[in-house]
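Working notes, beginning with the structure itself.
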Amino acid sequence: MIISPSVLSLHYEDMKNQTEQLNASGAEWMHFDVMDGHFVPNLTFGPDILKAFCRISDLFKDVHLMVTDPEFFADIFIDAGADLITFHQEVLSEEKIHGLIRHIHEKGAKAGISIKPKTDTETLRPFLNEADLFLIMSVEPGFGGQKFIPEAAEKIASLKKMLKEADSGALIQVDGGINGETAQTAADAGADVLVAGSYVFRDDIGKAVKSLCMIQPSSR
Ligand code: DX5
Ligand code: ZN
């Protein structure tokens, strides 16, 4: 299981120290939530903060664009150090999604597509053999600290089946409300990458990450 702690929940008054703990925690990725105040009712950080993280952490930079104009922001965050750009299916036409995946790959980054809780996994079908990752949101995007939406489990399982039938090696990432219990649910349903913010940046970062690293799917 790949763990990608969301730095939305990092305690910024202690950024350097928290990041050093994160680097030593066993996490392989860092999840960076970009919100524009339009696609979601919240506003987070820009490319300069990602550049700062790149100066103090070698973790894989997993950038989640919750923005209405991912074509504009993709280049900005790739140039700021993003290794993966995940954008939302809901904001682009099918044709533009094909184009943006191609463009992100041409810029040398990995491409992911995310869907909100109410968006059907069928919308991902045209991209199963193009995107590197699919992000199933298990909370309504916009804020950390929300409760895992149980219906996400069947969406993960349905996407897992679609990927297998399409012979796709794309990863399934799950994001929102992940803790010791819900991580097991997501893993059993077929998740490959778990995002966790409030569960990790609570008290002991290393302990929380290690508890998630140990999660294995019980029946696969
Ligand atoms: C929500 C973000 C998530 C969030 C996860 O819009 O996309 O990545 O930070 O936070 P927790 O793990 O606290 O639900
Ligand atoms: Zn996210």
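Some points to look at:
- Nitroxide proxy distance, nm - points 7 Å out along Cα→Cβ at His38 and Asn17: 3.9
- Charge sum, other residues only, whose C-beta stays under 11 Å from Thr121's C-beta, Lys/Arg counted +1 and Asp/Glu -1: +1
- Evaluating 6.51 cos²θ - 1.76 cosθ + 1.60 at θ = phi - 60° for every residue in the range 161-173, the Karplus couplings come out as 5, 4, 5, 5, 5, 8, 6, 9, x, 5, 8, 9, 10 Hz, glycine and proline recorded as x.
- Where the Cα pairs of the range 107-180 fall when distances are cut into 5 Å bins, in %: 3, 16, 29, 23, 15, 10, 3, 0
- Quarter of the Cα convex hull surface for the range 1-50, i.e. its orientation-mean projected area (nm²): 4.2
- Pairwise Cα distances in the range 1-120 exceed 16 Å in 60 percent of cases.
- For the pair the range 106-141 / the range 142-220, the C-alpha centres are spaced 15 Å from each other.
- Integer Hz, Karplus 6.51/-1.76/1.60 couplings in order for the range 147-157, x for Gly and Pro: 8, 4, 8, x, 4, 4, 4, 6, 5, 4, 5
- Exposure proxy ranking for Glu122, Glu13, based on other Cβ atoms within 10 angstrom of each Cβ and starting from the fewest, stands as Glu13, Glu122.
- In terms of Cα atoms, the Rg and Dmax of the range 138-212 work out to 12.9, 42 Å.
- Relative to the current alpha-carbon distance between Glu122 and Ile56, full extension at 0.36 nm per residue lengthens the span by 19.8 nm.
- Look at Leu50, Leu171, Leu43, Leu212 and count the other Cβ atoms within 10 Å of each Cβ; fewest to most, that gives Leu43, Leu171, Leu50, Leu212.
- Percent of C-alpha pairs per 10 Å bin, the range 131-170, short to long: 27, 44, 25, 4
- Two-site FRET efficiency, Glu154 against His105, from Cβ-Cβ distance with R₀ of 45 Å, rounded to 0.05: 0.90
- Calculated from the alpha-carbon coordinates, the chain shows an Rg and a Dmax of 16.0, 47 Å respectively.
Each reported figure results from applying straightforward, stated rules to the coordinates on display, with no laboratory input. Keep in mind it's a predicted model, so treat the numbers as computed, not measured. Virtual Cβ from ideal backbone geometry, glycine too; neighbours counted across all protein chains shown.
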